Every structure is written in C-alpha cells, then in structure tokens.
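Notes follow the structure.
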Amino acid sequence: MSGSSIRESLGEYPFLDELPEPWLDLVAELGHRVSYPTGYRLFAEGGPAEYFWLLTSGDVGLDIHVPGRGNVLIETIHPGSVLGWSWMFPPYRWHFGAVAAGGTVHAIQFFGVDLIRACRKDPALGMDLMQRFVGVVVNRLQATRLRLLDLYGYQS
C-alpha cells in the first residue's frame, strides 16, 4: 500500500469493501498518512477519542487496564484493519488503549469530526459507515470478552 495515493489505498481495506466510488473519493480527501514507532501509544483508555486509522503496516496492540494487573493486551490489530471507533459515540472517550506493537506502524488517519460532518450532509453515507463501525465494535468487544475469560481461567 505504500507509495500509492490514499484513494488507491482505500480499495485495499476490507472495511471499505463495496463502498460506492463517490464515497471512497470523499473519504480519501479526509485522510492523511501517519507513522508511529514501535512502543508509541496512539491513545490511552479514557482519553479523548478524535481519530480513527486504517492500518497500512505494523501491528497495534489494544489493551485495557485491569486493576492489580496493569494494562492487559486484549487484541492485536493488523495491517488492512480499522483502528478506533470511540470518536463516533458520546462521551467520545477511548474504551481501550492502543500501542504500536509490531514494527513501525504506517496508517491513514482520519479526524472523526470531519467524517461526521460528511455523514450529516449525506445520511446514506452515515448509515453505511455506522453499520461498518458497529461491526468493528462487536468484534472488538467479543475479543475482549474472550481474552478476559482466558485471563481468569474460564473454559469455554
């Protein structure tokens, strides 16, 4: 994905499969490329949520704070995935933490408020993206549940 335009890159993300071309063009205009070194914390649980990312390379570890245990890894997000959904829902705080975990992370970053404005102008786009992000939320919460059951020794 490196070296190509953001618009060309968007077609490589399963998260955006079958998104109509005009909407892909709009989303592409809102993104910019960013990089984070291994160990860099992209966001902390409870902090203000303003962005989301489409990962191009490198892995991001999602963690939650568990009293008496510190930050516990619950899932690793890999290239081709979307990272961040808390910017969509009040109170706009991160429900997890995220740290660059496997090599330098390269991503396309989006400021959530920009996308919300676009969705308010085109409610059909908003509904489509909301359904996509809700799928991400469900998957992340399921991964968290399974990881916590594993941590505390419950057998499924």
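The values are calculated or read from the model by the stated rules, or taken from the named source; none is laboratory data. Treat the numbers as computed from the prediction; the structure is a model and nothing was measured. Reconstructed Cβ throughout: ideal geometry from the backbone, glycine too, with neighbour counts over all protein chains shown.
Of note:
- Count of residues meeting criterion [crowded, with 17+ Cβ neighbours inside 10 Å, farther than 10 Å from residue 96 by Cα and either among the β-branched types (Val, Ile, Thr) or within 13 Å of the chain's Cα centre (by Cα) (or both)] in segment 24-49: 3
- Listed by first and then second residue, the pairs with beta-carbon distance under 7 Å, at least 6 apart or on different chains, first residue in segment 103-119 and closer than 13 Å to residue 82 by Cβ and touching a residue at least 60 places away in the same chain (Cβ under 8 Å), second in a strand (DSSP E or B) and among the polar types (S, T, N, Q), are 107/56; 108/56.
- Looking only at residues of segment 137-155 that are over 20 Å from the mean Cα position of the chain (by Cα) and assigned to a helix (DSSP H, G or I), we find that the one that is modelled with the lowest pLDDT is 151.
- Output for segment 89-107, where each listed residue is among the hydrophobic types (A, V, I, L, M, F, W, C) and either in contact with a Pro (Cβ under 7 Å, 6 or more places away or on another chain) or surrounded by fewer than 18 Cβ atoms within 10 Å (Cβ to Cβ) (or both): 89, 100
- The residue of segment 123-137 that is surrounded by the most Cβ atoms within 10 Å (Cβ to Cβ), among those that are over 20 Å from residue 59 (Cα atoms) and either among the hydrophobic types (A, V, I, L, M, F, W, C) or touching a residue at least 24 places away in the same chain (Cβ under 8 Å) (or both), is 129.
- Residue under evaluation residue 63, criteria (1) of a type outside the set (A, V, I, L, M); (2) under 17 Å from the mean Cα position of the chain (by Cα); (3) not in a strand (DSSP E or B), criterion not met: (3)
- The residue that is surrounded by the fewest Cβ atoms within 10 Å (Cβ to Cβ), among those in segment 73-88 that are modelled with pLDDT of 90 or more and part of a loop (DSSP other than H, G, I, E, B), is 78.
- Of the residues in segment 82-92, at least one is within 21 Å of residue 139 (Cα to Cα), over 16 Å from the mean Cα position of the chain (by Cα) and not small (Gly, Ala, Ser).
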